[in-house]
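Heads up, the thing below is written out as structure tokens.
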Protein chains: 6
Amino acid sequence: MINKTKTALVVSAHSADFVWRAGGAIALHTQQGYAVHIVCLSYGERGESAKLWRKGEMSEDKVKTARRSEAEAAAEILGASVEFFDIGDYPMRADKETLFRLADVFRRVQPEFVLSHSIKDPYNYDHPLAMNLTQEARIIAQAEGYKPGEKIVGAPPVYSFEPHQPEQCEWRPDVLLDITEVWDKKYAAIQCMAGQEHLWEYYTRVALQRGVQAKRNVGIASTRNIVYAEGYQSLFPRVTENLA
Amino acid sequence: MINKTKTALVVSAHSADFVWRAGGAIALHTQQGYAVHIVCLSYGERGESAKLWRKGEMSEDKVKTARRSEAEAAAEILGASVEFFDIGDYPMRADKETLFRLADVFRRVQPEFVLSHSIKDPYNYDHPLAMNLTQEARIIAQAEGYKPGEKIVGAPPVYSFEPHQPEQCEWRPDVLLDITEVWDKKYAAIQCMAGQEHLWEYYTRVALQRGVQAKRNVGIASTRNIVYAEGYQSLFPRVTENLA
Amino acid sequence: MINKTKTALVVSAHSADFVWRAGGAIALHTQQGYAVHIVCLSYGERGESAKLWRKGEMSEDKVKTARRSEAEAAAEILGASVEFFDIGDYPMRADKETLFRLADVFRRVQPEFVLSHSIKDPYNYDHPLAMNLTQEARIIAQAEGYKPGEKIVGAPPVYSFEPHQPEQCEWRPDVLLDITEVWDKKYAAIQCMAGQEHLWEYYTRVALQRGVQAKRNVGIASTRNIVYAEGYQSLFPRVTENLA
Amino acid sequence: MINKTKTALVVSAHSADFVWRAGGAIALHTQQGYAVHIVCLSYGERGESAKLWRKGEMSEDKVKTARRSEAEAAAEILGASVEFFDIGDYPMRADKETLFRLADVFRRVQPEFVLSHSIKDPYNYDHPLAMNLTQEARIIAQAEGYKPGEKIVGAPPVYSFEPHQPEQCEWRPDVLLDITEVWDKKYAAIQCMAGQEHLWEYYTRVALQRGVQAKRNVGIASTRNIVYAEGYQSLFPRVTENLA
Amino acid sequence: MINKTKTALVVSAHSADFVWRAGGAIALHTQQGYAVHIVCLSYGERGESAKLWRKGEMSEDKVKTARRSEAEAAAEILGASVEFFDIGDYPMRADKETLFRLADVFRRVQPEFVLSHSIKDPYNYDHPLAMNLTQEARIIAQAEGYKPGEKIVGAPPVYSFEPHQPEQCEWRPDVLLDITEVWDKKYAAIQCMAGQEHLWEYYTRVALQRGVQAKRNVGIASTRNIVYAEGYQSLFPRVTENLA
Amino acid sequence: MINKTKTALVVSAHSADFVWRAGGAIALHTQQGYAVHIVCLSYGERGESAKLWRKGEMSEDKVKTARRSEAEAAAEILGASVEFFDIGDYPMRADKETLFRLADVFRRVQPEFVLSHSIKDPYNYDHPLAMNLTQEARIIAQAEGYKPGEKIVGAPPVYSFEPHQPEQCEWRPDVLLDITEVWDKKYAAIQCMAGQEHLWEYYTRVALQRGVQAKRNVGIASTRNIVYAEGYQSLFPRVTENLA
């Protein structure tokens, strides 16, 4: 991965979050030549594996194994590398070791941009924790005094991907990413999530709605043929030399 | 102007606002080949010409003439065209005719992006009025049913430029525009404002502070040599195919 | 209408808004025995009739007539009465006479609840104007000193229905209305809007997404079979004797 | 009034607002030697005179006369001068003439501080209008170009006094004014409002609650004996040389 | 308790909070047949027992015992069951064991609705901690993977009860609960709090003020005779089939 | 220190923060006779000592020693006492012992007012932690039940000093402190920070900009000669007897 010029980092609280919420961005940038790396903090073994648990004769290990396979298959389709921190979910907690481990990933990957969860989510306390961990790890990785001598990271933009109930999470997209040309890949990755089939059509509709909004925001007379999109909220100002 | 491929529109409540707040953006995009057009809604004859009034033996007409000359000189330095609506200030009021007049400018200019004031400003009620007028004129110009048959406008991004006391205006920059290479032009334009000399150094410092912040937001290790910047707040989501 | 016990009032900026945004609520309450009355402030003749205008050989009168027919057909399907103020759109403006006319509707209808647009909408300035007009008309209608001797209105709850791009409008639903059992009626009413066919599936997906969210907010284990829903934001506190 | 050194200005939408909401501040500063001047924009003849209207055989003129007497009596008790603009209420509307009339009051009074309503109030649209008018009049009165040669006003702090349902109005007090020593005067002024007797105890409780909060915010161990207080929200930063 | 059909859960940071802030809701729902269960996370032994400490010859154990007796007496009057977690206050801290303990209470009680503190409170850091703990425990209790096989909880609505200084806590009531018919019980429960007698009249006034506001929000012409009320802020959207 | 009548407390996350952000307030109040005490939670050894680390042959101890010397020199110039908690930075974490240690400082100092960081800062997670620690320590120090018998603290106002990128931190100054007469001292203290020379002019410009704003907020016609200022955001309402 390090050989490629440009990289990106995605931090996913549970093993499927990166698929539903950022699968389009991952596939799109991979196609553009980025090496995209995904960190799954947990497998979502407790909180997001209801269907598996209902099968009976399950154990936490079995659930983790199943979820890991799904996530690896999805990552492969999207063209990204993936690693698993396995820090547990419901509740998720992150100590200093986890923070440094993620800071080290930042140092190793040197990402051009970073994706993680929304800052608030009253339905899921693991999600904001993941974003806060990501933000603090980025700050640590920027500090000359942390593991002095290593190459520090710059100031890559950080984006929150879309939570389940956006308005309740005070999440407001200021970026609409056109994922029309990679939609097939995203939908293929979505289909790896056998345990959450009820969400396949839900997230297809999310992509279609954001696509209509993207179309509106470039103007209905535009020739850009946008059908599917993903929404993102940026946490830092963008530095640019052009406003168009 | 219409021959050039790309265009931009700046709506300035008073005749000097575009210089202090958006002079860098105007010069930068002009240099990039944009035709930038400025609408000054008023000359700022009542509210922003204190020094002139204190000279004595002044009339509103004399003040307007002086302010117009300054604004034209500044626009010329920045490379932009300028027109004056002369609707009065302190208080500014806009009727339907003014709204349609501005919508017609939108139709004529077909801007790639639009700049105007902040949505709130407890120190200056003309500023939010100018932005609201700009937003509504853009909406009118998008409507097929307004002067049917004319070419409607698309959905150009709209940005608020920096107000005098940003935090009191609930203005938060999400774009920092690097204006380092055109700073000389902006400062030359600023110097046209003979009646507000006390603001020259103030706005130089604003540009330096935003420059430091821009530098921070690309990372201190970046090789980009940013010294001067302008802050902008975008009112609509950005549609893009790249997150870096 | 006045014979029925319970009533509701819907104020729609343009003639189709009530269908997309509140069609479910109208059909549902009609079915529950409410007399629902709709006021269309304009026909949306300029701003929301793009398809008609593109046909060529159009005039504002022809557009209005076509839009009125569509709206009447939709209202009939939903079981509601409808009247048209015809105050124009893009831009919409309301003088005191319009305000009193709407206040008089409040007095006549004596609604149990009121529906209108979101308080903010950067894509459409007519929408907030409609809501502000509605709120002020309600206040006038509550005043003993306005047409003294008439029966004043109480304090009916007021709800904002869903705007096109909710997060950009700072609209946050705090009520999810289960419209599953009247979805067929809403979809039939939607189909009356021949000029905006591209929105039929868009608003079907909106209803499905809000349905999934409603299901989540009653708990996935609930036996309530919610498929379609509409979101609403309440502007006043609810007075109740039960918190479940 | 002009002889006194220090002055203050209170702008009241309806003739009784200044009593309920700012009676303590008026009495307190009068006692401190301030000349406090009150502008009542309307008599509240339509919207806030329910009891009078219910008496029957009323006319708008009779209501105005009764309300004016009450307000004058209250102002006298509080030690303030009062004038009436009589621009009507429910709905209140202010044209340029009213704006200039109020700007002229600013010029004449040259207030050290200004009190008016909250910026938002979904229960009463006249209240925000009064505050916006006040703010814009202050801006006009500061402009050298408005009636050149007259003495302009400085930048007196502006405060919103407490609305009826504070949280619904997004009003947050950042100043708690100790009115314990003038409570008797405020309550005497309140009793002039014969038509709104149901509010006497309501506003006594408001004063007691704000008093308890003031006590909390100086520390329960403090020797300051605060019993009654009024809450205010400041619209501009305070300039000071001491933070205690 | 489990025999009864409907249940509710109240999580109180300190042993008296549930009385002042939710005593009316508890008594009202108990009277309606609900089994209401209260969890007191601490006795408020350090932070909210000033009067006891000032007696002298006190120990933390003595304070706890006194506070427990008061809380049990109050709960009995209100008709609710109560348990004490005794996790300490000033500062309050909750580890995973406390979280699971509370999640187990959710599983056992299966509440129809939940009451706890406001999300923010700059005067009291224990209060937001209690609410966050409550929200996360609810999430854990909803997860199939937590103690698989147990009956998970649904999605009961969660409400913040009123903090001491509402506006400073960014707390906005969107529900006003009419507690007029159980006010006697609430006041009797309040009188159990011998150590905080200065708050008896304070909270009586709170109830009267919210009562007046409730009356306003149903309309002054309403026949509902509301005198006392409690305010609540809901954290999740309400799912309903009726908007009146 | 305890002999002096009035005192103030400043809590600085890293050893230089108090200089850049509050140096003017410290010098000003010292000059007014206050005993100002500074707590530096860390030396900023990891996160804010980039220049030192780049020298090579550094260790954390050497960095700490250098930073301590700078901070002590700066504090001496400002006339304040200083102590160092040395709890580490990047990331900063505070356990109960640190909390009690700071609470004990509150008890010992009995401050008239307190200064610390902004509540939010996406660029620096240590800063909000410092402010939250400060707020909770103040609450502990107010509690009779914490170390019963000791003198509790009152309710000193707490202010956030200015973060690096104010708008991104949702920081809004409501107090502008005129530091013109002590600017020389602040700039001398700033010059002690040899390792951060790039910030000297940055913070000079911050002081000049806030100075211009302070001048604006007292009115341009004012005779107060304000050149340099510091901005502060207050966290609690101010209790006063005068609104001018």
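The values are calculated or read from the model by the stated rules, or taken from the named source; none is laboratory data. Only a predicted model underlies this, so the values are computations on that prediction, with no experimental measurement involved. Note that each Cβ is placed from the backbone with ideal geometry, even for glycine, and that neighbours are counted across all protein chains shown. Ligands, DNA and RNA are excluded from the accessible area calculation, which covers all protein heavy atoms including side chains. Shrake-Rupley method; radii C 1.70, N 1.55, O 1.52, S 1.80 Å.
Worth pointing out:
- Search result, residues across the stretch F:123-157 that are assigned to a helix (DSSP H, G or I) and among the acidic types (Asp, Glu): F:Asp126, F:Glu136
- Cβ pairs under 6 Å, 6+ apart, first in the stretch A:143-158 and under 13 Å from A:Val105 (Cβ atoms), second open to solvent by 30 Å² or more (accessible area, probe 1.4 Å) and not in a loop (DSSP other than H, G, I, E, B): A:Val153/A:Gln142
- Taking first residues from the stretch B:26-52 that are within 16 Å of D:Pro148 (Cα to Cα) and partners that are aromatic (Phe, Trp, Tyr) and surrounded by fewer than 24 Cβ atoms within 10 Å (Cβ to Cβ), the Cβ contacts under 7 Å between residues at least 6 apart in sequence or on separate chains come to B:Arg46/D:Tyr146.
- Selected residue (criterion: farthest from A:Leu115 (Cα to Cα)) from residues of the stretch B:189-215 that are among the charged types (D, E, K, R) and more than 9 Å from chain A (Cβ to nearest Cβ): B:Glu197
- Under the condition of being outside any loop (DSSP other than H, G, I, E, B) and either surrounded by fewer than 24 Cβ atoms within 10 Å (Cβ to Cβ) or of a type in the set (Phe, Trp, Tyr) (or both), the residues counted in the stretch A:5-34 number 5.
- First in the stretch A:53-66 and closer than 16 Å to A:His14 by Cβ, second anywhere and of a type in the set (Gly, Ala, Ser), Cβ under 7 Å, 6 or more apart: A:Trp53/E:Gly145; A:Val63/A:Ser49; A:Val63/E:Gly145
- Test set (1) modelled with pLDDT under 95; (2) open to solvent by 50 Å² or more (accessible area, probe 1.4 Å); (3) more than 18 Å from B:Thr240 (Cβ to Cβ) - A:Ala244 fails condition number: (3)
- Residue within the stretch A:131-144 that is touching a strand residue (DSSP E or B) at 6+ places or on another chain (Cβ under 7 Å), surrounded by fewer than 22 Cβ atoms within 10 Å (Cβ to Cβ) and under 30 Å from B:Gly24 (Cα atoms) present: no
- The requirement of being in contact with a strand residue (DSSP E or B) (Cβ under 7 Å, 6 or more places away or on another chain) and more than 20 Å from D:Gly231 (Cβ to Cβ) is not satisfied by E:Ala189.
- Residue pairs meeting the criteria (Cβ under 8 Å; at least 6 apart or on separate chains; first more than 22 Å from D:Glu201 (Cα to Cα) and within 7 Å of chain F (Cβ to nearest Cβ), in the stretch D:216-232; second part of a strand (DSSP E or B) and at pLDDT 95 or above): D:Asn217/D:Leu176; D:Asn217/F:Arg238; D:Asn217/F:Val239; D:Val218/F:Val239
- The residues of the stretch E:199-224 that are touching a strand residue (DSSP E or B) at 6+ places or on another chain (Cβ under 9 Å) and farther than 30 Å from C:Lys151 by Cβ, listed by number, are E:Val206, E:Ala207.
- Sub-8 Å Cβ pairs linking a first residue in the stretch A:191-202 that is open to solvent by less than 90 Å² (accessible area, probe 1.4 Å) to a second residue that is among the aliphatic types (A, V, I, L, M) and assigned to a loop (DSSP other than H, G, I, E, B), at least 6 apart or interchain, are A:Met193/A:Ala16; A:Gln196/A:Ala16; A:Leu199/A:Met193; A:Trp200/A:Met193, ordered by first then second residue.
- Candidate set from the stretch E:11-55 (those that are among the β-branched types (Val, Ile, Thr) and within 11 Å of another protein chain (Cβ to nearest Cβ)); member that is farthest from E:Ile87 (Cα to Cα): E:Ile26
- Criterion: on the phi > 0 side of the Ramachandran plot, touching a Lys or Arg at 6+ places or on another chain (Cβ under 7 Å) and of a type outside the set (S, T, N, Q) - qualifying residue of B:Glu150, B:Glu170: B:Glu170
- Unique residue being touching a residue at least 40 places away in the same chain (Cβ under 8 Å) and facing chain C (nearest Cβ under 10 Å) when the list is E:Arg172, E:Arg108: E:Arg172
- Between D:Leu235, D:Leu243, the distinction of being at negative phi, touching a His at 6+ places or on another chain (Cβ under 8 Å), of a type outside the set (Ser, Thr, Tyr) and within 12 Å of chain F (Cβ to nearest Cβ) belongs to D:Leu243 only.
- Among the residues making up the stretch A:133-147, those that are in contact with a Gly (Cβ under 9 Å, 6 or more places away or on another chain) and not aliphatic (A, V, I, L, M) are A:Gln142, A:Glu144, A:Gly145, A:Tyr146.
- Residue within the stretch C:168-183 that is within 30 Å of D:Gly44 (Cβ to Cβ) and open to solvent by 40 Å² or more (accessible area, probe 1.4 Å) present: no
- Elements of type helices (runs of 4 or more DSSP H) in the stretch B:38-111, at least 3 residues being farther than 22 Å from B:Leu199 by Cβ, open to solvent by 50 Å² or more (accessible area, probe 1.4 Å) and not aliphatic (A, V, I, L, M): B:96-109
- On inspection, C:Arg216 qualifies as farther than 24 Å from C:Val82 by Cβ, modelled with pLDDT under 95 and either outside any loop (DSSP other than H, G, I, E, B) or not β-branched (Val, Ile, Thr) (or both).
- Residues being more than 20 Å from D:Glu181 (Cα to Cα) and among the aliphatic types (A, V, I, L, M) - total across the stretch F:230-244: 1
- Some residue of the stretch A:6-13 being more than 16 Å from A:Leu177 (Cα to Cα) and touching a Lys or Arg at 6+ places or on another chain (Cβ under 7 Å): no
- Scanning the stretch D:139-177 for residues that are more than 18 Å from D:Asp17 (Cα to Cα) and under 16 Å from the mean Cα position of the chain (by Cα) returns D:Pro156, D:Pro157, D:Val175, D:Leu176.
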